[in-house]
Structures are given as structure tokens and as C-alpha cells.
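Before any comments, here is the structure.
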Amino acid sequence: MRVQVAIIGAGPSGLILGQLLAKAGIDALILEAQTPDYVLGRIRAGVLEQVCVDLLDEAGVGERLHAEGLPHQGIELLVDGTRHRIDLAGLTGGKQVTVYGQTELTRDLMEARTRAALKTVYEAKEVMVSDFDTDHPRVSYLKDGVRHEVECDFIAGCDGYHGVCRASVPKDALRTFERVYPFGWLGLLSDTPPVNHELIYAKSERGFALCSQRSLTRSRYYLQVPLSEKVEDWSDERFWGELRQRLDGRANDALVTGPSLEKSIAPLRSFVAEPMRFGRLFLAGDAAHIVPPTGAKGLNLAASDVRTLGHALIEFYGGSLEGIDRYSERCLRRIWKAERFSWWMTNLLHRFPDTPPFEQRALEAELDYVVHSLAGRTTIAENYVGLPFED
Ligand code: RFL
Ligand code: PHB
């Protein structure tokens, strides 16, 4: 089989890229290791930047997002019992974010792909990528026990942090940067109305908590927990009890609890692999970088990578190499700013087990400064709604 672009991974980055390329008449195949239900079952991101919403419009999948997504003009920081609102819109000249679950977005993208009869192979096992240092890269995969070969012009590595694409790059061609945090987020999804109309990021003596949402009737909550915790040890009652202790009286009065639909623990990590292009293999999204979820940037970065990659490939087929040559540098400039913001928010809002007393006080002072200063609040707002593209 021959296609112009072989996309590995049907997460948000692979699916959005597939949609952008299809709109431009570029022939792409998506290979995904899992089943569609498995992909849809992963409960992940919930907050979309405006540039991400604009991109989904460009990809032709914005309809349900506009009908059902919840525009948010602010977030609340709850610091040791006191609330500080970050007026996202007021501080950024009217920009906002949209609350819309990654699951819903993925579903919209999958349906658009099916409607347009675009090629996707689910349960493609043992994917191998090769010859990407030539003009004729190749991909092969096993499906129902039969190995298939694909010739292509480009490979897009949209296969997440544990994927095969980054792992196939020679070690000496890659530089990686990493920070692993000594805690994770225990998440709970429930069919209960959100505790607040805006997200609450809470820092307390007992650790960080986040009150998020998926709709007016579905909530998503997170608790910072040590990495040694096991999800089986967290009954719903224990989760709600711990959450209450990290929130204020107002939130406790408004909190509606109920049975969990899903509960899981995600470790927190910052990671960047440079560069993001090796000949005709391009890495995008979590395959190239990970952020801790505190800044709500992971899915948004995946979207901005594939925006840059989609446009670069369209330019290539229009006769210009500029886009693909500058892909890595353009993406990394934006990625490092989001990495910095996510790392900084994580440091400010979580309790670290071994912070020396001086640093502890300095961090408390920094947070106190940031929430009381217009410049500080503007910094959070500008980064949270998403920085503009600079190219
Ligand atoms: P994905 O979503 O991991 O998709 C990669 C796909 O590749 C497949 N795959 C393979 N396919 C074929 N062959 C192989 N060898 C393969 N290996 C892997 C996988 O099965 C999968 O389907 O990466 P992508 O597309 O780059 O998307 C990235 C986002 O999913 C991720 O950044 C966000 O979910 C991060 N994130 C958040 N991002 C935000 O922007 N806002 C948020 O509010 C937010 N909250 C979160 C988050 C991530 C979380 N977790 C669990 C990590 C909250 C959490 C708890
Ligand atoms: C979520 O709703 O899953 C979510 C929202 C904001 C974050 C992280 C996760 O910063």
C-alpha cells in the first residue's frame, strides 16, 4: 500500500492531523494500536484554548464543541482557604477557554473520519517505522496476524509518550529533558453537577486539589496523592472526604457527591525530546513532550503541533520546504513556554515532600505575590488561555 502520510496513533494529535490533511486533499492512513472503545475510554483533558477551538473549526469538527462546550472566562485559585479569581477574559482582552472533554473531541474526530470514509486501522500491532532518513520511509504493522507494508512520503509520530516513533530514532540524534514529580493526581469522574461554575485550583496543607467539569451535570475532580497510593485503596467516600478537607466552606456547601464513573491515578512528568523531526519522521503531541496537567496544556500543545505540521505538509505538497524545515524549531518555541508554565504552576500549587523551609516560605511568598499583583494574575491568565503563535 502507498499513502502520502502515514500517521501513527489515533489520539487527538493523529486524528486532528488526519482531518487537516484530508481537507487539503492529502492522502493519509492512521494506524492505531488499540480499539476505538479503548481510545474513547481514556478520561483525560478537559480545557481547550481558543487556538485549539479555532483549529478544530478549521478541521471541520467544531459543531458539537460550539453547541455543548462551556466557555469559561475565569478560574479560581483557592490558596489556604482564600479564593482569588483570575479573570481570564478581563486580563487578556477577552480571551477565554472552553471546557469540553477530550473524549468528546475524540468522538467527534472519529465520526468525521468515518463519515469521510478515511482510512484508519485499529488494533494495528507491532508497528515498525523505517527508512525515514531517506525520501521513501516505510511503515509496517501486524493486523489479525498478517504483516502489512506501507510506503509513504512522511511519517507522523502521533503515538503518545510510550509510542514506537520516538523510540525508533537513533539515541544520539535525540536530546531529552525530564522532570518527574514525587506525586500523582488521583482523578474521579461523576455524574454530579460541578461544585462551581468555574474551575477551582486549590492549594492546601493537605496537598493540591482541582475541581473541574465536563458539562453542567458531569464533574471531574483531582487530588494530589503520593506515588505510593493505589487506586483500589480509594473508595468514593474516602475521595470525597479528602476533597472536602482541601476545599473551603463555600465549596463544601455546594459540593454534590455521587458514585464514581471512573477513578485513576496519573503520575506527573515534564518531558521534552528535541528535535521533533528526523528526516521524514515528525513527532507531535505526547510523543515529543509531556507536561504536568496543572496548566491544562497537554492536549492544547498536541493540537498546536499538528497545526504546524499540517500546514507544513500542505506547503510541501504546494512546493515549499520551509514549513517542514522549520517545524521543530517553531513547535519547540511554543512547547517550552507551556512547559515552563506547567512546571511553575505545579511548583506553586502542590506540596512537595522535601522542600527545605526557606524554599517553602519563598514559594508561599511567590504565590501570595502572584495572586495579589495585577502583573502576576495577568501572567497566569495569558499563559492559561494560550500564548499566540509567533510564526
Ligand atoms: P495520546 O492521546 O496518548 O494518543 C496516542 C495514541 O497512539 C496510540 N499508540 C500507538 N498506535 C500504534 N502503534 C503504537 N506503537 C502506538 N503506541 C501508542 C495510543 O494507543 C494512542 O491512541 O497522545 P496525543 O494524541 O499526542 O494527545 C495528547 C493528549 O492526550 C494529552 O496531552 C492530554 O490528555 C494531557 N492532559 C490535558 N491536556 C490539556 O490540554 N488539558 C487538560 O486539561 C489535560 N488534562 C491530561 C489531563 C492528561 C491526563 N493524563 C491521564 C495523562 C489530565 C490527565 C489526568
Ligand atoms: C480536567 O478537566 O481533566 C482538567 C482540567 C484542568 C486541568 C487539568 C485537567 O488543569
Worksheet item: Looking at this structure, is HIS72 surrounded by fewer than 22 Cβ atoms within 10 Å (Cβ to Cβ), farther than 21 Å from GLY18 by Cα and within 14 Å of ligand 1 (Cβ to nearest atom)?
Response: yes
Practice prompt. Output the residues belonging to region 204-234 that are away from ligand 2 (no atom under 16 Å from the Cβ) and in contact with a helix residue (DSSP H, G or I) (Cβ under 9 Å, 6 or more places away or on another chain).
Written response: SER204, GLU205, ARG206, TRP234
Practice prompt. Could you look through region 49-72, keep only residues that are of a type in the set (A, V, I, L, M, F, W, C) and assigned to a helix (DSSP H, G or I), and pick out the one that is farthest from the chain's Cα centre (by Cα)?
Written response: ALA67
Worksheet entry | Close pairs (6 angstrom Cβ cut-off, 6 or more residues apart or separate chains): closer than 12 Å to GLU68 by Cβ in region 96-112, of a type in the set (Gly, Ala, Ser) and modelled with pLDDT under 95 anywhere | VAL99/GLY46; GLY101/GLY46
Response to the item:
In region 109-132, residues that are assigned to a strand (DSSP E or B) and under 18 Å from PHE154 (Cβ atoms) total 6
Worksheet item: Given the conditions (1) aliphatic (A, V, I, L, M); (2) away from ligand 2 (no atom under 16 Å from the Cβ); (3) in contact with a helix residue (DSSP H, G or I) (Cβ under 7 Å, 6 or more places away or on another chain), and given that VAL97 satisfies all but one, which numbered condition is not satisfied?
Response: (2)
Worksheet item: Give me the pairs: first residue in region 153-167 and touching a residue at least 12 places away in the same chain (Cβ under 8 Å), second residue hydrophobic (A, V, I, L, M, F, W, C) and within 16 Å of ligand 2 (Cβ to nearest atom), beta-carbon distance under 9 Å, and six or more apart or on different chains, which are they?
Response: CYS158/ALA302; TYR161/ILE290
Worksheet item: Is there any pair linking a residue in region 200-215 that is within 16 Å of LEU186 (Cβ to Cβ) and within 11 Å of ligand 1 (Cβ to nearest atom) to one that is part of a loop (DSSP other than H, G, I, E, B) and not basic (Lys, Arg), with Cβ under 8 Å and at least six apart or on different chains, and which?
Response: SER212/GLY46; SER212/PRO194
Worksheet entry | Single unsatisfied condition, GLY25 versus (1) in contact with a Lys or Arg (Cβ under 7 Å, 6 or more places away or on another chain); (2) more than 6 Å from ligand 1 (Cβ to nearest atom); (3) not in a helix (DSSP H, G or I) | (1)
Worksheet item: Does ILE43 qualify as being out of contact with any Pro (no Cβ under 9 Å at 6 or more places or on another chain), at pLDDT below 95, of a type in the set (Val, Ile, Thr) and closer than 27 Å to TRP185 by Cβ?
Response: yes
Worksheet item: Under 6 Å by Cβ, and 6 or more places apart or on different chains, what pairs join a residue from region 231-257 that is under 14 Å from LEU210 (Cβ atoms) and in contact (Cβ under 8 Å) with a residue 60 or more places away in the chain with one that is surrounded by 14 or more Cβ atoms within 10 Å (Cβ to Cβ) and β-branched (Val, Ile, Thr)?
Response: ALA251/VAL195; LEU255/VAL195
Worksheet entry | Filter result for the condition that a residue is at pLDDT 95 or above, away from ligand 2 (no atom under 14 Å from the Cβ), closer than 23 Å to THR294 by Cα and not basic (Lys, Arg), over ALA116, ALA89 | ALA89
Response to the item:
Conditions (1) among the charged types (D, E, K, R); (2) touching a Ser or Thr at 6+ places or on another chain (Cβ under 6 Å); (3) within 18 Å of SER13 (Cα to Cα) -> ARG138 fails only (3)
Item to complete: Go through region 124-147 residue by residue and tally those that are in contact (Cβ under 8 Å) with a residue 60 or more places away in the chain and more than 20 Å from ALA167 (Cβ to Cβ).
Response: 1
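The values are calculated or read from the model by the stated rules, or taken from the named source; none is laboratory data. Fair warning: this is a prediction, and the values are worked out from it, not measured in the lab. Every residue, glycine as well, gets a Cβ built from its backbone with ideal geometry; the counts of neighbours run over all protein chains shown.
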